[in-house]
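Readers should treat all values here as calculations from the given coordinates under stated rules, not as data from a laboratory. Being a predicted model, the structure only gives us computed values, none of them experimental. No Cβ is skipped: glycine too gets one built from the backbone with ideal geometry, and neighbour counts run over all protein chains shown.
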Amino acid sequence: MSVFTTPDLYDEYGDTLQVMDHGLSHFGKSRYMKGQAVIIRCPEDNSLVGEFLRQSGESKVLIVDAQGSKSFAFLGDNLAISAIKNQWSGIIINGCVRDVEILKTLPFCVMALGHVPRKTKKQGLGCVLSSLTLLGAEVSEGDWVYADENGVVISKMEV
């Protein structure tokens, strides 16, 4: 992955980028992700998260709209390991994670609203989205996502 910082990207590309508002925290050992967005919605069920992370994800970032849920964890250590094996660049969750003591040792970028020990129900619910507004930024399938410790920026094209 090429070296970048989101402030430098913003300074260079400015208003052509969408910028997510503050609200996400890092949970993985890696603090950088760059890739094309794949967007899913998961209503208190992470079945679809597992389905996607078990597939090839080279140069992709999974964005999970857990609808801001702080009741359930949508990613834990086992799914993060699947993501690493399948070469996902990272995951952004509009919800929570668990197994934080293990996630912080894994070479994977995980950003989420928070953490909670409760796992989701497994009911096979969820859907793929073509776009999503998250923390003030609109992201569409295939957009380029760049994230680091400063935040997340979205671009329609690779920068």
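Quick notes on this one:
- The convex hull drawn around the Cα atoms of segment 11-82, when projected onto a plane and averaged over every direction, covers 6.0 nm².
- Within segment 119-159, backbone nitrogen closer than 20 Å to the virtual label 7 Å beyond the Cα of residue 5 toward Cβ: 145-155, 159
- Rg over Rh [alpha-carbon atoms, Kirkwood Rh] for segment 42-93: 0.95
- Fully extending the segment from residue 51 to residue 149, taken as 0.36 nm per residue of separation minus the present Cα-Cα distance, adds 32.5 nm.
- Listed values [x] 15.2; [y] 16.1; [z] 16.8, entry calculated as Kirkwood radius over Cα pairs in Å: [x]
- Distance between modelled label sites at residue 71 and residue 22, nm, 7 Å Cα→Cβ extension: 2.9 nm
- Checking the cross-link pairs 70/156; 60/104; 85/121; 34/70; 70/104; 70/119 against a 22 Å limit on the alpha carbon distance flags 70/156; 85/121; 34/70 as lying beyond it.
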